[in-house]
1. In this structure, is Arg212 in contact with a strand residue (DSSP E or B) (Cβ under 6 Å, 6 or more places away or on another chain) and over 28 Å from His136 (Cα atoms)?
2. Looking at Pro153, is it touching a strand residue (DSSP E or B) at 6+ places or on another chain (Cβ under 9 Å), under 19 Å from Ser278 (Cα atoms) and either buried (at least 18 other Cβ atoms within 10 Å of the Cβ) or modelled with pLDDT of 95 or more (or both)?
3. If the requirement is being over 26 Å from Gly233 (Cα atoms) and either over 29 Å from the mean Cα position of the chain (by Cα) or in a loop (DSSP other than H, G, I, E, B) (or both), which of these qualifies: Ala203, Ala149?
4. Criterion first (closer than 25 Å to Thr259 by Cβ and assigned by TED's automatic domain parsing to the domain that holds Gly232) does Phe182 satisfy it?
5. Out of region 254-267, which residues are crowded, with 17+ Cβ neighbours inside 10 Å and outside any strand (DSSP E or B)?
6. Count, please, the residues in region 156-184 that happen to be of a type in the set (Ser, Thr, Tyr), surrounded by fewer than 19 Cβ atoms within 10 Å (Cβ to Cβ) and outside any strand (DSSP E or B).
7. I'd like to verify a number: residues in region 93-143 that are at pLDDT 90 or above and farther than 30 Å from Trp296 by Cα, how many?
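The values are calculated or read from the model by the stated rules, or taken from the named source; none is laboratory data. All values reported here derive from a predicted model rather than from experimental measurement. FYI the Cβ positions are ideal-geometry reconstructions off the backbone, even for glycines, and counts take in every protein chain you see.
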Amino acid sequence: MQSAAPDARELVRAARGDAPSAATRQASVEHVLRRYHRWRVWEPVAWAALGIGVGMAAAVALWLRANRAHETPLTRERPIASESAAIPQTPSPSPVQSSTRLLELEPCTPAVRAAGSQPMIDDFEDEDARIAPLEHRAGFWSASNDGSATQRPTPGGPLATSRIPGGRGASHFALHTSGGKFTKWGAILGADFSARRCYDASAYGGLRFWVRGRGSFNVAAKMTQTAPEEYGGSCSHDCFDSHRIAVPLSSNWREVRVTWAELKQRGFGQAVPFDPRSLLSLELSVDPEQTPFDFWVDDVSFLAR
């Protein structure tokens with residue numbers, strides 16, 4: 001116990017030596033007081049800024065609530081294919097109808113409407129792939145196939161009209177296509193009526209054209225309701241069952257007239273009533289059983305009512 005006493009005294013002496021001096025303590029107190037006075041000066045400003053921020057947040061919340069209360073729900077103007085099949089759509093008998101009824105019948109928007117005075121789609125005399133730019137129509141002929149055989153003109157390449165051997169009256173050029181034996185879904189020549197917009201051809205009664213060749217091919221008026229969205233349509237499943245008719249061919253030119261009522265679906269896709277107000281494109285196609293093929297088409301136009 002006696003040996004521990006000198007150690008305790010030494011510790012007390014060391015602790016006293018480590019204590020801050022009076023000058024140091026005074027400087028520390030003055031530093032704390034200066035910080036306190038600065039806070040008292042800026043405290044009202046801080047509280048005011050906080051109050052302004054809370055007020056602005058409340059005002060924004062009230063504005064959003066008021067605007068949501070006055071929002072008008074968007075009306076879906078283009079029905080999906082399943083709804084079109086469940087609720088048959090028929091052409092409106094007269095323009096005097098309620099706006100709600102018109103939205104139900106309108107197959108797609110915006111629509112480009114034909115006036116019914118310029119029926120020619122393409123006479124091919126300009127020797128290019130563009131259809132006649134009449135009544136707001138704007139499209140180009142293009143070729144496509146399933147890749148199991150060769151088609152002329154070649155898909156992806158330039159599509160030009162061909163000179164008719166010996167001519168056909170006043171007509172000198174026509175659309176000519178041919179191909180081998182296809183084994184999947186076949187081959188197509190098609191032209192849009194208006195780029196990624198539906199075309200209203202209800203002013204007309206059908207299609208009219210001249211043909212010659214061997215075998216047969218199909219003429220289809222594709223609607224937006226049978227085409228998937230990535231191709232400008234509104235079909236969600238079981239697509240591509242377009243309304244069409246088979247056209248028999250012969251070695252001599254002959255005129256073909258097809259009314260809208262004659263166009264039928266094949267039945268593998270969604271059943272959709274035909275509506276000439278929602279056309280997307282015109283297609284000339286051959287199925288595998290119609291190949292090989294070789295035919296000419298000329299003076300394609302709408303059919304007057």
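1. So Arg212 fits the description; yes.
2. Here the answer is no, as Pro153 does not meet what is asked.
3. Ala149
4. Considered against the rule, which asks whether it is closer than 25 Å to Thr259 by Cβ and assigned by TED's automatic domain parsing to the domain that holds Gly232, Phe182 comes out as no.
5. Across region 254-267, the qualifying residues are Trp260, Leu263, Gln265.
6. Total meeting the criteria: 1.
7. Residues in region 93-143 being at pLDDT 90 or above and farther than 30 Å from Trp296 by Cα: 0 in total.
So that you can scan it fast, the table gives a plain yes or no per residue for (1) in contact with a helix residue (DSSP H, G or I) (Cβ under 6 Å, 6 or more places away or on another chain); (2) in the same structural domain as Thr177 (by TED's automatic domain parsing); (3) not small (Gly, Ala, Ser):
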| residue | (1), (2), (3) |
| --- | --- |
| Phe217 | no, yes, yes |
| Glu230 | no, yes, yes |
| Gly233 | yes, yes, no |
| Ala246 | no, yes, no |
| Arg254 | no, yes, yes |
| Val272 | yes, yes, yes |
| Glu283 | no, yes, yes |
